[in-house]
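To start, the structure under review is shown below, and the notes come after it.
The values are calculated or read from the model by the stated rules, or taken from the named source; none is laboratory data. It should be emphasised that the depicted structure is a prediction, and the values quoted were computed from it without experimental measurement. We place every Cβ from the backbone using ideal geometry, glycine too, and count neighbours over all the protein chains shown. Accessible surface areas use protein heavy atoms only, side chains included; no ligands, DNA or RNA. Shrake-Rupley method; radii C 1.70, N 1.55, O 1.52, S 1.80 Å.
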Amino acid sequence: MFFYLSKILWFFADPANLLLIALIAAAVLAWTKWLKAAKIVLTTTVVIAVLVSVLPIGQFLFSTLENRFPQVKKLPPNITGIIVLGGVVDQFVTDDRKQMVINGAVERLTEFARLSFFYPKAKLVFSGGSGVIGKQSLKEADVINPLLVTLGLNPKRILFENQARNTAENATLTKKLIKPTLDQRWIIITSAFHMPRAMGAFRQAGWNAIAYPVDYHTKSQQRLRLGFSLQSGLGALSTSIHEWIGLTFYWLSGRTNALYPKP
């Protein structure tokens, strides 16, 4: 139920969807006797769109998330295993085109491969199912093998968890598969902006986890700049709000050990 509610909530909370809904409302009102209301809605929508385009609101929220867990400069010599979270391959287009389609965050897998060579005895886990409502028959973990082979990995060395639909399930379902103990140390690889929620979920599930953030989009000392791009402004804002809402509801539902997990 949580999975479906989260998807429905995000549809109405997505800034891009909210702007579209506001424009539709303004257009409908313009053809009624509520013309003044239409002008108010339209003007408000335009003002918000300009503010999102010009002010670095999304940049600030995004860089804050990315910098929450610092880059790993030195790892301990003994590691039990390495877990990489899915969200790299579009399994549906990959299956249709019969060609690997990467939708972003490929650094998750390149660092996964690099660390696997650095820790040749560590257990390797890929966790990724399908996060799309109504499309649960095809899982990301089921189509990822060719890309892993391209990166020099042996799929036989990797354990695949293919049922997780979100970050909380990445943590809990992988735990059922691995059955880790608190004396074991596991590296968690995911995008930097997503790391706070991932670490909160894995800690809550009982993992002794080490954060290994990758897939950066901002500089470590990001200078906030004014701009004039609705696309980039909305993109950063949308991703950031998605994570902040996720953190809030994970905390309220007991799926993370803190509202805003820290190192």
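Taking every protein chain into account, the 1.4 Å probe leaves S232 with about 70 Å² of accessible area, to the nearest ten. Largest mean-square fluctuation among F112, F11, F202, in a Gaussian network model of the chain whose springs join Cα atoms under 10 Å apart, belongs to F11. Choose one of L55, L42, Y4: the residue whose Cα lies farthest towards the positive end of the charge dipole of the chain (beta-carbon charges +1 Lys, Arg; -1 Asp, Glu; about the Cα centre). Comparing the listed Cα positions along the dipole, L55 ranks first. Rolling a 1.4 angstrom probe over the chain with all protein chains present gives an accessible area of which 63% lies on carbon and sulfur atoms.
Taking amide H as placed 1.01 Å from N in the peptide plane, the amide H of L159 sits under 5 Å from that of L124, V125, F126, each at least 5 places away or on another chain.
Given a 1.4 Å probe and the protein chains as shown, H217 ends up with an accessible area of around 120 Å². The stretch 130-206 and the stretch 4-28 have Cα centres separated by 30 Å. Among the trypsin sites (Lys or Arg not before Pro) in the stretch 186-263, those placed in a DSSP loop whose Cβ has at most 13 other Cβ atoms within 10 Å are K219, R223, R225. Across the chain, C-alpha contacts under 8 Å between residues 6 or more apart give a mean separation that, scaled by the residue count, equals a relative contact order of 26 percent.
Report the number of Lys pairs in the stretch 122-263 whose alpha-carbons are under 16 Å apart, with separation of 8 or more residues or on distinct chains.
4
Rounded to the nearest 10 degrees, the angle from helix 167-178 to the longest Cα principal axis of the chain is 20 degrees.
Note on exposure: L65, L226 ranked by accessible area (1.4 Å probe, complete protein assembly) read L226, L65, with the most exposed listed first.
On a 1.4 Å probe surface of the protein chains, which of W244, W186, W251 comes out largest in accessible area, and what is the full order?
Values: W244 75, W186 0, W251 125 Å².
Correct descending sequence by accessible area is W251, W244, W186.
The residues of the chain expose, per residue, 55 Å² of accessible area to a 1.4 Å probe. Computed on protein heavy atoms with a 1.4 Å probe, the accessible areas place L182, L109, L55, L138 in the order L182, L55, L138, L109, largest first. The angle separating the long axis of helix 195-204 from the principal Cα axis of greatest extent in the chain is about 60 degrees. Checking (1) 15.4; (2) 16.3; (3) 13.2 against the coordinates, the calculated mean projected area of the Cα convex hull in nm² falls under label (2).
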